[in-house]
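Right, one structure below, let's go through it.
The values are calculated or read from the model by the stated rules, or taken from the named source; none is laboratory data. Here the structure is a predicted model, which is why all the values come from computation and not from measurement. Methodologically, a virtual Cβ is constructed for each residue, glycine included, from the backbone with ideal geometry; neighbour enumeration extends over all protein chains shown.
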Amino acid sequence: MTTIPTSPQEREAYTDSLQQKIETWENDFLSLEERAHAAEKTLPRSFWDQIEALRARLRAYQSRTQALGSAGEADWDSLSEGMEETWAGMEQALQQAQEDFEQEYGDKTGVGTGKTAE
């Protein structure tokens, strides 16, 4: 587990790294959704429910990251508590959604993979 930084410069770098991760996740979501819309089969409602639940988690994470970025010294500890676990949970949930999609549909869509559909 990463130690949460305490100096102002370290905190700024930390929140910047969290924001970069959020941007990466947003791009991953867009790619997954694009591939899902291009899938030859109609995806079950449960897949879209899973994506929406992940998006809600991402929005909550983004909100918490923004609050952390503007937190004063007194609020930093309480806001930063659990960020690493939250980060890891989000990463794992997104990865699971991508793996579930790949297992069911593989590269059949050719979208977002650099490959063409067959």
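Tabulated values for the structure
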{"quantity": "Pairs, first at pLDDT below 80 in the stretch 63-80, second charged (D, E, K, R), C-beta under 9 Å, six or more apart", "calculated": "Trp76/Arg11; Leu79/Arg64; Ser80/Arg11"}
{"quantity": "Those residues of the stretch 60-80 which are loosely packed, with under 11 Cβ neighbours inside 10 Å and either part of a loop (DSSP other than H, G, I, E, B) or of a type in the set (Lys, Arg) (or both), in sequence order", "calculated": "Ser70, Gly72"}
{"quantity": "Members of the stretch 13-40 that are in contact (Cβ under 8 Å) with a residue 60 or more places away in the chain and of a type in the set (Gly, Ala, Ser)", "calculated": "Ser31, Ala36, Ala38, Ala39"}
{"quantity": "Some residue of the stretch 39-51 being over 20 Å from Gly89 (Cβ atoms), in contact with a Ser or Thr (Cβ under 9 Å, 6 or more places away or on another chain), of a type outside the set (Phe, Trp, Tyr) and at pLDDT below 85", "calculated": "yes"}
{"quantity": "Evaluation of Ser46 against (1) part of a helix (DSSP H, G or I); (2) touching a residue at least 24 places away in the same chain (Cβ under 8 Å); (3) not aliphatic (A, V, I, L, M) (one fails), failing number", "calculated": "(2)"}
